[in-house]
Amino acid sequence: MHTYGQRLRTLAIVTAATFTAALALAFFYAPEEAEEGFLQRIFYVHVPLAIVCLCGFVAAGVMAIQHLRTRDPRWDLRSYVAIHMSLIFGAGVLISGSIWAKGSWGHWWIWGEPTLVSFLIVFLLYATYQPLRFSIEDPERQARYASVFAIAAGAFVPMNFIAVRLSAAYVHPRVLGSTSNLPFPMALTFLVSLLAFTLLYITLWRFEMTAKNARWQLRALQRKLAGERVSAPRGRTAQPALSPQPALSSRPAPSSRPAPSSRPAPSSQPAPSSQPAPVPQSSASPQPALATRSQRQVS
Amino acid sequence: MSEAAPPGERLAAGLQPGVPSVAAEHRGEAEAPERAGSSERPRQRLHSTALTLLRKELLLELRTLESVPGMILFAVSTFVIFHFALNTGSVEGDLAAGILWVTILFAALLGVNRLFVADADQGGFDALLLAPCDSSALLLAKVAALTIYLVLLELVTVPAFALFLLGSSLGHALPDLLVVLVLADLGLAVIGSFVAALAVRTRARDLIGPLIALPLLVPIAIGASSASSPLLTAASHGGPGVRWLLLLGVYDLVFGLIAYAVFDFLLED
């Protein structure tokens with residue numbers, strides 16, 4: 001939980017260096033392709049982006065399996081962030097693919113192109129991941145259902161590619177599966193830029209994980225200092241909750257001392273609306289002094 | 001529905017706050033010898049539980065008539081819509097296969113949306129969790145029920161399609177078409193049951209369900225329409241392409257295994 005920020009700077013610098021190298025190779029080192037000319041250089045962006053994006057989806061499925069096996073909410077968070085990043089990469093793939101299609105075939109969209117079409121289907125499927133999470137309120141069930149979705153969708157990715165490829169004639173420049181057929185400068189450029197995009201994905205993933213962890217640690221500390229008052233209730237969100245019961249561990253348990261009144265003590269109510277107005281509560285409670293004392297003890 | 005409560009409801013209604021602990025104890029007792037004993041008994045019990053649940057499902061449908069008549073009506077109306085939208089009285093080949101499969105797909109989604117609603121709203125899930133049985137039986141029962149619904153749907157829809165829209169006669173191609181229909185029904189039922197279980201306890205289930213189901217059903221649509229388009233042409237020679245049937249079969253199998261593996265996690269609260 002504390003280790004996400006470590007070595008992030010080194011990783012970022014390495015990523016930036018590799019990325020610069022990949023772009024430099026793509027623009028200045030790789031030879032001009034005979035048929036497509038300059039446009040073919042989008043290959044060094046589009047294909048690595050697509051490969052990294054799909055691997056991210058599959059990795060998110062593996063993380064989801066880990067989540068269901070261990071019930072550790074951090075695995076759910078990892079899977080969530082991986083799918084989030086892959087969705088962003090996927091938008092990049094669709095846009096760069098459209099540009100490439102327009103440049104080489106004259107149309108923004110080609111249905112006869114199986115890889116692009118299967119990519120669109122996968123993208124549409126994963127686009128429902130956030131709405132699914134958003135419409136389940138219970139955080140534990142949200143995490144569990146999201147993991148089930150991620151596993152099924154991760155297995156769907158390769159099957160879908162097979163199915164769509166069967167259905168269409170080959171139009172795509174068959175370069176991505178066969179780096180061995182490329183001339184050496186092109187293959188080198190491609191591999192370096194694949195490495196660059198992989199590093200970019202990992203860096204962004206770790207950055208997002210660090211940010212989320214920092215936010216959760218901050219909230220836990222705030223809660224420890226000032227009780228439930230500072231932390232708004234969770235409400236509707238698609239984000240995974242890292243600490244499901246933060247209130248139990250970070251406070252002296254007031255439930256251990258028996259509440260004398262028939263009402264529950266105000267400290268046991270997590271809703272913040274009970275906090276700022278002790279006056280109407282004490283007027284309703286049969287023993288107002290005890291109620292205010294237990295409240296002062298919490299804060 | 002009103003005069004006879006569904007079995008799930010009856011079970012849930014019988015469980016008062018004191019009773020679940022007894023049921024849970026009973027469940028623990030029942031599972032212990034199951035693990036220690038031979039593997040024959042649990043499988044038998046899975047079968048019989050699934051059969052019981054399937055009977056409950058069909059009884060419920062027979063009494064409420066919520067899914068199948070709606071699906072059939074929807075499909076026939078869609079053919080009428082297609083007739084006027086395309087402004088044609090007879091279609092063939094790719095177009096015919098497309099119309100047939102789009103209609104069956106969307107009609108199936110109607111059934112999928114309703115599949116788990118009674119269990120989620122009226123305590124069927126809770127009753128199943130309290131009962132000493134494997135929850136995979138529920139998946140099996142739902143897949144079987146949805147397959148039966150789809151077969152009933154197609155018993156009406158395919159003749160109606162041949163009557164209303166199809167240019168060529170269906171007779172010679174019927175055996176091949178039946179194979180395609182059965183394979184596609186199994187796939188629709190497996191994916192539909194899985195997605196329905198995933199979506200039924202979300203807030204926007206009528207929206208989430210079809211949104212998740214449609215991309216997952218694309219391979220089924222590809223396989224089924226490609227396999228049946230040569231069957232729906234006038235000068236038909238040769239059956240459906242073997243690779244399409246293979247695609248459908250493999251997809252059914254793989255997704256069936258995935259759904260079987262992860263279904264338990266959808267039920268456990």
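A few points about this structure:
- Just one of the listed residues (B:Ala213, B:Ala204, B:Ala196, B:Ala184) is under 26 Å from A:Val157 (Cβ atoms), hydrophobic (A, V, I, L, M, F, W, C) and free of Cβ contacts under 8 Å to residues at least 60 places away in the same chain, and it is B:Ala204.
- The residue of the stretch B:244-254 that is farthest from the other protein chains (Cβ to nearest Cβ), among those that are in contact with a Gly (Cβ under 7 Å, 6 or more places away or on another chain) and modelled with pLDDT of 90 or more, is B:Asp252.
- Identity of the residue in the stretch A:145-166, buried (at least 22 other Cβ atoms within 10 Å of the Cβ) and not hydrophobic (A, V, I, L, M, F, W, C), that ends up nearest to B:Leu207 (Cα to Cα): A:Tyr145
- The listed residue being within 23 Å of A:Ser167 (Cβ to Cβ), more than 9 Å from every other protein chain (Cβ to nearest Cβ) and either modelled with pLDDT under 90 or not in a loop (DSSP other than H, G, I, E, B) (or both), out of B:Ala224, B:Ala234: B:Ala224
- Verdict on A:Ala146 being aliphatic (A, V, I, L, M), at the interface with chain B (Cβ under 7 Å from one of its Cβ atoms) and in a helix (DSSP H, G or I): no
- Of all the residues in the stretch A:132-143, those that are surrounded by fewer than 22 Cβ atoms within 10 Å (Cβ to Cβ), touching a residue at least 60 places away in the same chain (Cβ under 8 Å), of a type in the set (D, E, K, R) and in a helix (DSSP H, G or I) number 1.
- The stretch B:32-79, subset basic (Lys, Arg) and either at pLDDT 90 or above or in contact with a strand residue (DSSP E or B) (Cβ under 6 Å, 6 or more places away or on another chain) (or both), residue surrounded by the most Cβ atoms within 10 Å (Cβ to Cβ): B:Lys56
The values are calculated or read from the model by the stated rules, or taken from the named source; none is laboratory data. Here the structure is a predicted model, which means the values were calculated and not measured. Don't worry about glycine lacking a Cβ; one is built from the backbone with ideal geometry, like all the others, and counts go over all protein chains shown.
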